[in-house]
Every structure is written in C-alpha cells, then in structure tokens.
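Structure first, commentary second.
The values are calculated or read from the model by the stated rules, or taken from the named source; none is laboratory data. Quantities reported herein were computed from a predicted structural model and do not represent experimental measurements. Neighbour counts run over all protein chains shown; Cβ positions are idealised from the backbone, glycine included. Ligands, DNA and RNA are stripped out before the accessible areas are found, and what is left, the full protein with its side chains, is counted by its heavy atoms. Shrake-Rupley method; radii C 1.70, N 1.55, O 1.52, S 1.80 Å.
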2 protein chains.
Amino acid sequence: MAANSDDIRKTIGRYVEFMNASDVDSIAALYAEDATLEDPVGTEPLRGREAIRGFYAAAVGHVKLEPTGNPRVAAGEAAFPMHAHLGETQILEIIDLMAFNDDGQIVSMRAFWSTDQSQPVI
Amino acid sequence: MAANSDDIRKTIGRYVEFMNASDVDSIAALYAEDATLEDPVGTEPLRGREAIRGFYAAAVGHVKLEPTGNPRVAAGEAAFPMHAHLGETQILEIIDLMAFNDDGQIVSMRAFWSTDQSQPVI
C-alpha cells in the first residue's frame, strides 16, 4: 500500500522547513536507510542515509527553498516546484521528485534543475 | 548522447501550444513510436504512439494548459509545472515529467497531479 498522500504532503513541508533551518539531522531522518539521492538529475545517485546526510551538510546554508506551488502527489510519489535562492543574487527553478515507502520515508529523490540556467534576482 | 536541452525546451513549448490548439496529430508526432504515457502517475502506462494519440483525442478541448514556471531540463529529461484549466471552474496543478531520446522525441511522459485535489477558480 502506498504512503498516505496527506502524510507525504506533511513530510514535504517538513523537508522545506528543515532545509531552511539548516537542520541536517532532521532532513536525513526523513530518508529511508537505503534511500538514493540524484541532484541534479543525470549525476550518479548517492546511496544511503549517511551519504545523503553529507550532501545536505554541504548544501544547507547556501540555499533557501521557496515553494511555488503545491506538491502533486500520486501513488506514493510526489513532485513539487520551488525557487531555490542561492545567496541573495540568484534564483534557480527546481522541481524535486520524491518516492516514498509504506512508512512515509523518502526512498528516492531526484532534483530537476537546468544546469545551464539560473536567473538573477531583479 | 542526450537530447539537446534547448531542443527539449522547444518541444515542450510546442506540446503546450498543440494541447491548447487541440491539435492531436501534432501532439502524437512529438512522441516516439514506442513511447509510454502514464497519466496520472500510478495508472497503467499506455504504450505506443497510437494509444497515446487516442488518449489526447479524448482529453483535448477539456483542458487548457498554463505553464507556471520554466521547464527544468537535465540529462535528456525535463519536469515542468502547469495549471490545467478544466472548463472554466477548476484548476488542477500538474507537473509533467518527460524523457527524450537522442532525436528529441518524447519516450515517456508521467503526469503528476493529486487525484484527491483540484482547486476552484475564485
């Protein structure tokens, strides 16, 4: 049975909150032990919660996430659009795609963003 | 070699244009002969251009697509956010996820939308 859609929405809300609070341990705890993370899409996925924790430890503080729409949730997966604010001068348009296990943990995350484009803040 | 990112952006632009013009033949021609379509995510994918053409023949006219951000393009895949206007009274938040072959044809499309949610137009 797929994870509950409302639980998935709550987890995504917490993910954004923890990212913006630079709370690396809490982010890592949202992931399953054997989860994968591919950021950006096309790179070799990281495997396992410890590797994923290391990724976020390096990333937080440099990125603030601003949702630009509601998560689209279907059958234990979700896609959600964001602006990633990189410092005060650049915005990157991102869509994160996550799959969840029956316990509502993230089992895979794929971050879609155009490696050839970011937009200056006006 | 992955499809060119700018070609992918153009194809997505045409896809939205053809959808809003109810041009079913042109939509189908954007797909590879053996492509798959899963709409919404979690349903059994349709396989092959003819089945895909039939899907769009039934859908166009009822849906107008309004992009709500730029496509996020990486490594021959793209995700892009939209509002789907269903008649004049409902908006559905959608993210389409497409993969492209080396010739720039769509080889898979997965439509993420929350089957439990649509929003009334205020």
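Summary table below
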item	result
Complete set of residues in the range B:56-71 that are open to solvent by 60 Å² or more (accessible area, probe 1.4 Å) and either without any contact (Cβ under 8 Å) to a residue 40 or more places away in the chain or within 12 Å of chain A (Cβ to nearest Cβ) (or both)	B:A58, B:H62, B:E66, B:P67, B:N70
When residues of the range B:1-39 are limited to those that are open to solvent by less than 40 Å² (accessible area, probe 1.4 Å), modelled with pLDDT of 95 or more and not in a helix (DSSP H, G or I), the one nearest to the other protein chains (Cβ to nearest Cβ)	B:E38
Residues (touching a residue at least 60 places away in the same chain (Cβ under 8 Å) and either under 11 Å from B:I12 (Cβ atoms) or buried (at least 20 other Cβ atoms within 10 Å of the Cβ) (or both)) located in the range B:75-95	B:G76, B:A78, B:F80, B:M82
Extreme residue, least open to solvent (accessible area, probe 1.4 Å), among residues of the range B:40-53 that are over 14 Å from the mean Cα position of the chain (by Cα) and not β-branched (V, I, T)	B:G48
Among (1) under 13 Å from B:I106 (Cα atoms); (2) of a type in the set (F, W, Y); (3) over 11 Å from the mean Cα position of the chain (by Cα), the one test that B:Y15 misses	(3)
Any hit, the range A:55-76, residues being basic (K, R), in contact with a helix residue (DSSP H, G or I) (Cβ under 9 Å, 6 or more places away or on another chain) and over 19 Å from B:E93 (Cα atoms)	yes
Failed item, numbered, when A:I106 is tested on (1) modelled with pLDDT of 95 or more; (2) at the interface with another protein chain (Cβ under 7 Å from one of its Cβ atoms)	(2)
Scope the range A:72-106; condition within 13 Å of B:W113 (Cβ to Cβ) and of a type in the set (A, V, I, L, M, F, W, C); matching residues	A:V73, A:A74, A:A75, A:A78, A:A79, A:F80
Given (1) open to solvent by less than 60 Å² (accessible area, probe 1.4 Å); (2) modelled with pLDDT of 95 or more; (3) part of a loop (DSSP other than H, G, I, E, B), number of the condition A:M98 does not satisfy	(3)
Per-region count, the range B:84-99, residues more than 12 Å from the chain's Cα centre (by Cα) and more than 8 Å from every other protein chain (Cβ to nearest Cβ)	8
